[in-house]
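Worksheet for the structure shown next.
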Amino acid sequence: MKKNDLFFLLFILVIFLPFIFIPELYAGYKRFNADHAFIMAFLKFGVLATVGEMLGLRIKTGQYSTVGFGILPRGIIWGLLGVWIAIAMKVFAAGSPAIVQYLGVDGVVDAMKGGFSVQKLLGAFGISLLMNTSFAPVFMTIHKVTDTHIVNNGGKLSSLVTPLPFGKLLASLNWDVQWNFVFKKTIPFFWIPAHTVTFLLPADIQVLFAALLSIVLGVLLAVAAVMGKR
């Protein structure tokens, strides 16, 4: 294990271990999470998703940060995207079970409030399917555009207030990789199953679990970037 890997591991432990070994801290986290869900979504995604991107960079380059990577602006953008994700999760969790029930699966709406059952599994799958075939492609594309914008501006904080040439950046994306890998592979084979599990979990930990999944996203995007260079 290299020195930078050890420091990265210690950083992760410093984030998580206090919540495991200090019950009062975890209880305070649960209270704040219940009262300020969107602030916590900003923090969860701002930290965890950025860690995922750093891990992805490690896979591509052997380093957790490079000149122009922009850890801080990426963290802020991920925080804002995290709030958007949290809102989307609430919207789809509220509406999708009603659609599944309308299609003939009786009792799904009520089942989503209880323990595990076949109806709840079908409801969670319905939420994940609708969210990942409508919201996810737009989200993934905007995320890629903002990442490119940060890199193009040298990873500086000023990139957050620099006008974003959305059309130009959109046209510059590698749509072969975006479509054939990010959309066609990761959505059906990873994100739909993963988010089905997410919506089977208690509501108060769904956003946290989704943020943890964003670490996996960092690895997947690293793979996509490597494929794009071939």
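The values are calculated or read from the model by the stated rules, or taken from the named source; none is laboratory data. Computed from a predicted structure; not experimentally measured. Please note: Cβ atoms are built from the backbone with ideal geometry, for glycine as well, and neighbour counts cover all protein chains shown. What goes into the accessible areas is simple: the full protein's heavy atoms, side chains included, and nothing from ligands, DNA or RNA. Shrake-Rupley method; radii C 1.70, N 1.55, O 1.52, S 1.80 Å.
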Restraint check, Lys90/Lys185; Lys90/Lys184; Lys144/Lys168; Lys30/Lys113, Cα-Cα greater than 21 Å: Lys90/Lys185; Lys90/Lys184
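Please list the helices of the chain that count as membrane-span-like by this rule: a mean Kyte-Doolittle hydropathy of at least -1.0 together with Cα atoms stretching 30 Å or more along the helix axis, each helix being a complete DSSP H run.
Working: long enough: 37-61 (35 Å, 1.27); 71-102 (45 Å, 1.38); 203-228 (37 Å, 2.30).
Sorted by number, the helices that extend far enough and score high enough are 37-61, 71-102, 203-228.
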Going through the stretch 90-182, which trypsin sites (Lys or Arg not before Pro) have at most 14 other Cβ atoms within 10 Å and a DSSP loop state? Lys113, Lys156
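What is the sum of charges around Tyr64, taking Lys and Arg as +1, Asp and Glu as -1, for the other residues whose C-beta is under 15 Å from the C-beta of Tyr64?
+3
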In the stretch 141-230 the accessible area split gives carbon plus sulfur, as whole percent at 1.4 Å, a share of 70
Mean accessible surface per residue for the chain, computed with a 1.4 Å probe while every protein chain stays in place, in Å²: 54
Estimated inter-spin distance, Leu25 and Val138, nm [label 7 Å along Cα→Cβ]: 3.8
Percent of accessible area on the stretch 71-128 owned by carbon and sulfur, 1.4 Å probe? 72
